[in-house]
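Have a look at the structure below, then the notes.
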Amino acid sequence: MIKKIQVKKQRQRQRAPSKSSLETQQKILDAAEHLFAFSRYDAASLRDIAKKADVKLGLINHHFGSKEELFFRTVERRAEELARLRLKALADLKASQQMLDLEGVLKSYFYPYLEKAEDSNSGWLAYARLVAIVSAEERWSTVSQACFDPTAKIFITEITKLYPEASKQRIAGVFMFSIASLIALCTSAWRIDAMASDTQTASIGQMKPLLLHYATSGMHSALSAAHDNS
């Protein structure tokens, strides 16, 4: 499926799309993102997406082809932007420090997304739900491998350099646990208020330093040589 999508994208690049065409594509992707995130993939029909985007059904097929391809393109859109931001943050960190530390590496991965979601942008908040769906359902393994894994593996490599005695499986495991915490903050911050029985609303901006501290401390503890050999 991924190869077919890549071939189609190469053909599309050969023809420069018009401004109107690009706007239509963005409307479709915005509608698809919302419905895939909140109604789930199986329940969101192409007809529903066309209605929410206020476009003719045939335009979805024209621009994206199948529903499966539309789902991939919906996930890919923000994944590409996020990958650029994360890799830039990591490159900037390397340029500013002689030696990297775990907190800096995780901050370079976490904060680019959190800063996008911080202003309650509905698209980026919905996107967190899509990431959760893709991560939880094995049928989307090719999507996660194409959209998320290349960047994640770069960060895992940096963590491996910091903890050379830890196994690659252990590092990948705690990295996934940390990503799950990131998704939880973006999709379920209201649960913090409910469990704290507090009138003060927990915002992403307020909670992101706590998330970073939690992930850094937990990962460091799990990857320390004494724990790894136990």
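The table that follows gives values for the structure above.
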item: Global geometry of region 57-108, whether rounded, prolate or oblate, following the gyration tensor of its Cα atoms and the 1.5 cut on a/c; result: prolate
item: Cα-based shape type of region 88-186, given that a ≥ b ≥ c are square roots of the gyration tensor eigenvalues and the cut on a/c is 1.5; result: oblate
item: Relative packing of 205-216, 91-102, which averages over residues the other C-beta atoms within 10 Å, highest first; result: 205-216, 91-102
item: Potential lengthening between A91 and A172 on full extension [0.36 nm per residue; Cα-Cα distance subtracted]; result: 27.0 nm
item: Too-long pairs where the Cα-Cα distance tops 27 Å, listed order kept, from K19/K52; K27/K153; K19/K116; K116/K161; K27/K208; K19/K67; result: K27/K153; K116/K161; K27/K208
item: The chain, relative contact order in percent, only Cα pairs under 8 angstrom and at least six apart counted; result: 21
item: Positive-end extreme of charge dipole, the chain - chosen from I192, S20, F72 (charges on Cβ); result: S20
item: For the chain, size of Cβ-based charge dipole, Lys and Arg +1, Asp and Glu -1, in debye; result: 1200
item: Fluctuation leader among L22, L130, L90 - the chain, Gaussian network, Cα springs under 10 angstrom; result: L22
item: Relative contact order of region 50-152, pairs being alpha-carbon contacts under 8 Å that are 6 or more residues apart, as %; result: 28
item: Residue-averaged 222 nm ellipticity for the chain, from DSSP H runs of 4+ at -39500 (n - 2.57), nearest 500; result: -26500 deg cm²/dmol
item: Candidate values [x] 19.4, 61; [y] 18.7, 62; [z] 18.2, 55, label of the one derived for Rg and Dmax of the Cα atoms in Å; result: [x]
item: Residue (of F177, Y109, N61) at the positive-pole extreme of the chain, dipole from beta-carbon charges; result: N61
item: Probe 1.4 Å, accessible area per residue of the chain, Å²; result: 56
item: Residue of S18, S135, S144 that the Gaussian network model of the chain assigns the largest fluctuation, springs spanning Cα pairs under 10 Å; result: S18
item: Using alpha-carbon coordinates, inclination of helix 2-14 to the longest axis of the chain, degrees; result: 60
item: Selected from W140, W190, W124 as most flexible by GNM, with the chain as the system and alpha-carbon contacts under 10 Å; result: W190
item: Residues in region 32-55 reached by a label modelled at D119 [backbone nitrogen below 16 Å; 7 Å Cα→Cβ]; result: none
item: Rg/Rg_ref, region 141-230, where Rg_ref = 2.2 N^0.38 Å and atoms are Cα; result: 1.27
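The values are calculated or read from the model by the stated rules, or taken from the named source; none is laboratory data. All values reported here derive from a predicted model rather than from experimental measurement. All Cβ positions, even for glycine, are placed from backbone atoms using ideal geometry, and neighbour counts span all protein chains on display. Accessible surface areas use protein heavy atoms only, side chains included; no ligands, DNA or RNA. Shrake-Rupley method; radii C 1.70, N 1.55, O 1.52, S 1.80 Å.
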